[in-house]
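The values are calculated or read from the model by the stated rules, or taken from the named source; none is laboratory data. As the structure is a computational prediction, the values presented were derived from the model and not from experiment. Don't worry about glycine lacking a Cβ; one is built from the backbone with ideal geometry, like all the others, and counts go over all protein chains shown. Areas reflect the complete protein model, heavy atoms only, side chains present, ligands, DNA and RNA absent. Shrake-Rupley method; radii C 1.70, N 1.55, O 1.52, S 1.80 Å.
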Amino acid sequence: MATVELNNVKKRFGPVEVIHGVSTTIKDGEFIVIVGPSGCGKSTLLRMVAGLESVSEGEISIGGKTVNDLEPMDRDIAMVFQNYALYPHMSVRENMGYGLKIAKMPKAKIEEKVNAAAKLLQLDEYLDRRPRDLSGGQRQRVAMGRAIVREPSVFLFDEPLSNLDAKLRVQMRLEIRDLQNRLGITALYVTHDQVEAMTMADRMIVMNDGRVEQIGTPLEVYETPQTLFAAQFIGSPSMNVFETTVQNNILSIGDTTVPVNTEAKGKVIAGMRPEHVIVDDNGPLSITVQIGEPLGANTLLHGRLDGTSDAFTISLPGVHHTVAGQVIRFAVDPRHMHLFDIKSGGRI
């Protein structure tokens, strides 16, 4: 177990800077999720911690030791990839113990570690099978077992569940989180799936275009997003946003005004989450429904915010039957209204 520190870490490919000065401290035993869209630099940042990419500027330390110039094998880390990277001609037992064999560990010790990891991952009965005889979830467990037997200070996960179906993804993310809790190992986990980030992270690092948008617990990012990007990326369905004006604590929305507590004046970007809309037959706001999405536990109503040209989504608990053209009136709790600077996108 170890603390991981990133101090103004940058990455350049030639003249192009792709990671723009990331700084954070990952505490001993903490589960950190790096989340963002494809191409935002999250996997590059993880690979820099692993030693698979060089650091152009800044410093990375693991357990108080600077590792910029250390080879991956000398960083006391273990990595689980999106593709399982298992040797097809080897058994599960051989795959899990191969790294220890290369390190010339005694056979008896390898056997002990592999058996312990297999029991932890419920792979006991599959140790003599080949990867082709396993399901996707079982293969991912083998990849995790290969990492566990090394007893690293830090686990690095690079989108390990992307190849699994939806139901198995839910099961595996619970298993990974439970495993990390039991082992107490510091973990960095990369994903583009904000649901994974919300359900697994102690804290999350929200990235966009090589920059950190926000670092915080899932609820901190959800309830008080610090940037417009973080507000729209975290939360499903995405936050409703629209340009508007505010004067003297009064926010204009279409033909309606809503009181807000803010020192902002002039043009702003306002946001409200679909689940925070309060349906009210006498509410001051309304949308005209274009399409409804019955999801069972909740129903999404998509339409246009009346008085504007802005798309707007309402999330209602349970099943609701609506038709195109139906008008839904609603109110908004000002405490759930988010305001962002129209130029910088920063929270007001």
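Some values worked out for this structure:
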quantity	calculated
Dipole magnitude of the range 135-291 about its Cα centre (Cβ charges: Lys, Arg +1; Asp, Glu -1), debye to nearest 20	660
Estimated FRET transfer efficiency when R0 is 51 angstrom, pair Glu223-Tyr87 (beta carbons, to 0.05)	0.65
Listed residues Asp133, Asp306, Asp69 arranged by accessible area, highest first, probe 1.4 Å	Asp69, Asp133, Asp306
For the range 68-149: rounded, prolate or oblate by the Cα gyration tensor [a/c cutoff 1.5]	oblate
Cα centre as origin, Lys/Arg/Asp/Glu Cβ charges: the range 1-154 dipole, Debye	480
Two-site label geometry, Asp128 and Arg211: point separation in nm, points 7 Å out along Cα→Cβ	5.9
Angle in degrees between helix 136-148 and the longest Cα principal axis of the chain, rounded to the nearest 10	60
Asn163 paired with Asn282, simple spin-label distance in nm, labels 7 Å along Cα-to-beta-carbon	6.0
Contact order normalised by residue count of the range 251-348, Cα under 8 Å, 6+ apart, percent	35
Net charge dipole size for the range 101-140 [Lys, Arg +1 and Asp, Glu -1 on Cβ; Debye, nearest 20]	280
Cβ-derived FRET efficiency at R0 41 Å, Asn7 paired with Lys101, nearest 0.05	0.70
Residue list for the range 22-62, given a label point 7 angstrom along the Cα-to-Cβ vector of Val16 and an amide N cut-off under 16 Å	38-45
Of Lys10/Lys343; Lys265/Lys343; Lys10/Lys65; Lys11/Lys42; Lys11/Lys343; Lys27/Lys65, those spanning more than 21 Å from alpha-carbon to alpha-carbon	Lys10/Lys343; Lys11/Lys343
Residue-level accessible surface for Ser309, protein heavy atoms, 1.4 Å, Å²	90
Cα long-axis angle, helix 92-102 against the chain (0 to 90 degrees, to the nearest 10)	70
Under 5 Å, built H, 5+ apart or other chain: amide partners of Val277	Ser315
Positive dipole terminus of the chain, leading residue within Leu164, Gly97, Val33 (C-beta point charges)	Gly97
Cα shape, the range 48-194, gyration tensor, a/c 1.5 rule	oblate
Average Cα contact separation per residue, the chain, under 8 Å, 6 or more apart, as relative contact order %	16
Label point distance in nm, Ile348-Ile250, each placed 7 Å from Cα along Cα→Cβ	1.5
Nearby lysines by direct alpha-carbon distance to Lys113 (threshold 16 angstrom, same-chain neighbours under 8 apart not counted)	Lys101, Lys104
List Met79, Met48, ordered by accessible area with a 1.4 Å probe, largest first	Met79, Met48
Environment charge of Ile342, counting only residues whose C-beta is closer than 11 Å and scoring Lys/Arg +1, Asp/Glu -1	0
At R0 = 25 Å, FRET efficiency that the Cβ-Cβ distance of Gln171 and Ser238 yields, to 0.05	0.45
In degrees, nearest ten, helix 166-183 long axis to first principal axis of the chain (Cα)	60
Of all accessible heavy-atom area on the chain, the percent that carbon and sulfur account for (1.4 Å)	49
Residue of Val49, Val16, Val142 that the Gaussian network model of the chain assigns the largest fluctuation, springs spanning Cα pairs under 10 Å	Val16
